[in-house]
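Novice: Mind looking over this structure? Questions follow.
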Amino acid sequence: MKSKLLIVEDQFIEANNLKLILKKENYLVCPIARSVPQALEIIEKEIPDLVLLDIFLDGPETGIDLARILQDKKIPFVFLSANTNKQTLSAAKATNPYGFLVKPFRKKDVLVMIDIALFATEQKHVHQAEQSNKQVSQQDKVAFRLIKGESRALQDTLDKIAAVVDSDVSVLILGESGTGKELVAKAIHNSSKRYAHPLIIVNCAALPPNLVESELFGHERGAFTGAIEQRIGKFEQANNGTIFLDEIGELPLDLQVKFLRVLQEREVEPIGGKKRTVNVRIIAATNRNLVDEMASGRFRIDLYYRLNVFPITLPPLRERKEDIVLLADHFLRLFSARENRKIQGFSDQVIKSLSAYSWPGNIRELENIIERSVLLATGRIITSIALPNEIKEKSINLNTGKIKTMNENERDHIISVLEKCNWKIYGEGGAAEILDMNGNTLHSRMKKLGIEKEVSARK
């Protein structure tokens, strides 16, 4: 039997159109509610499997107020939304919805979102009932074995990945730099039905601004000066497979419109060419706060909602304390074998240092430090490890009575690295390499934070 759905929407035409879509697909649809009290009255009589919930409703209470009640009742819900401000978006996200649907509704988007939400709910129940069995089955997948860790935060992430691998729905991977977003994208692709086809990885931050459109969508010969031959764009290269767009928040606004068309219509239009249909799954990732980017006008809200059908947020390493030593051991074995060194482990003091450090660069920083430690090791046990002075500096800052903002701390850290590199940004030994980020991205961050070469010391 099809699932029972409740629509909570105060606009009659939109609510009725949505109801017609659901009934044609043989879903059981509860009476439409136009306010929070009406919705609660219906829920008392017949508990729905999923609630489609508008943010703004009749009466003083909003859909966000109802969402908090649904959370307590353990009833999954999907928000219906048009353009809203940053505060509203943040409040909606805090209720942990199973997704967002953008008005006006497209039938395909509605049905895909409902399928994903219901499947994710089912997976959550399976996990609660058979937690240990499910974890073992995940680890049996070759692609998942590359994702190391046993923390609860990571296992929750693996549950979400498992819920989406067999679907073609778009996935948005969120998390700080170095948390393993590309690794998760590879795991999703390699565990999906598209695994035999290409996985094309694109770093949007590394694309030259004047070539972004040509790189992504391609161009025909003679389309512009210098186009001496045809170029097949990344989307067409990924046909029948998956495209992973890293740092999607760096995509210019004009190209966000073209990307939105690919998401909606599965069509690309090369420069100087005709529209072409592509069969491609889209995975995007960013370390930016896209809610802030939308509020500032740098990211389209309709694109955000199209991408945000199934978000996966990767926890930073500081929230996975129990995984730090496990990951360090993994990298130790990896680099010891590669360098033909017989290093067996870490001293107790090194383990304490690794566990106490906050790892602002996350797993990538840990990997780099272990690699360096293997090269510098003189015995079979690593007895010392070179960690940044983050812990000492943190205590000094706290004792002064003034706590710095995230931007101030980031600015200080970048300046410190630049000074050690004699302000070299690009290439081997440059600040970009040490910070493990793209040189163009570092240059953009410096400009945003007001970092100039004549700055020689921290304030």
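Every number in this text was worked out from the coordinates using simple rules, so none of it is lab data. Being a predicted model, the structure only gives us computed values, none of them experimental. No Cβ is skipped: glycine too gets one built from the backbone with ideal geometry, and neighbour counts run over all protein chains shown.
Novice: Please report, to one decimal in angstroms, the Kirkwood hydrodynamic radius of the chain built from all distinct Cα-Cα pairs.
Specialist: Taking every pair of different Cα atoms in the chain, averaging 1/r and inverting gives 24.7 Å.
Novice: I've got another one for you. Assuming a ≥ b ≥ c are the square roots of the Cα gyration tensor eigenvalues, decide whether region 318-387 counts as rounded (a/c under 1.5), prolate (otherwise, with a/b larger than b/c) or oblate.
Specialist: prolate
Novice: Translational D (Stokes-Einstein, µm²/s) of region 4-124 at 20 °C and 1.002 mPa s when Rh comes from the Kirkwood sum over C-alpha pairs?
Specialist: The estimated diffusion coefficient comes to 151 µm²/s.
Novice: Rank the residues Ser336, Ser90 as a footprinting-exposure proxy: fewest other Cβ atoms within 10 Å of their Cβ go first.
Specialist: Least to most surrounded, the residues fall as Ser90, Ser336.
Novice: In addition: Determine Rg/Rh for region 131-313; Rg is computed over alpha-carbon atoms and Rh is the Kirkwood hydrodynamic estimate from the same atoms.
Specialist: Here Rg/Rh amounts to 1.00.
Novice: Per-residue ellipticity at 222 nm for the chain, helices alone: DSSP H runs ≥ 4 residues times -39500 (n - 2.57), over residue total, nearest 500 deg cm²/dmol?
Specialist: Rounded to the nearest 500, the figure is -14000 deg cm²/dmol.
Novice: Now for a different question. Got a sec? How would Phe224, Phe299, Phe56 order by Cβ neighbour count within 10 Å, fewest to most?
Specialist: Taking fewest neighbouring Cβ atoms as first place, the list is Phe224, Phe56, Phe299.
Novice: Between region 286-304 and region 143-208, how far is it from one alpha carbon centroid to the other, in angstrom?
Specialist: 21 Å
Novice: If you don't mind, another one. Summing +1 for each Lys or Arg and -1 for each Asp or Glu, what net charge is found among the other residues whose Cβ lies under 11 Å from the Cβ of Gly178?
Specialist: -3
Novice: Here are some pairs, Lys160/Lys234; Lys424/Lys447; Lys23/Lys107; which of them have Cα atoms lying more than 20 Å apart in this structure?
Specialist: Lys160/Lys234
Novice: Also, I was wondering about something else. At a 10 Å Cβ-Cβ cut-off, how would you order Leu183, Leu314, Leu172, fewest neighbours first?
Specialist: Ranked by crowding around the Cβ, least crowded first: Leu183, Leu172, Leu314.
Novice: Determine the sum of side-chain charges near Asn368: Lys and Arg each +1, Asp and Glu each -1, restricted to other residues whose C-beta is under 13 angstrom from that of Asn368.
Specialist: -3
Novice: Place a +1 charge on the Cβ of each Lys and Arg in the chain and a -1 charge on the Cβ of each Asp and Glu, then give the dipole magnitude about the Cα centre in debye, rounded to the nearest 20.
Specialist: Result for the chain is approximately 560 debye, rounded to the nearest 20.
Novice: May I ask for the distance between the Cα centers of region 306-367 and region 27-72, given as a whole number of Å?
Specialist: Answer, in whole Å: 43.
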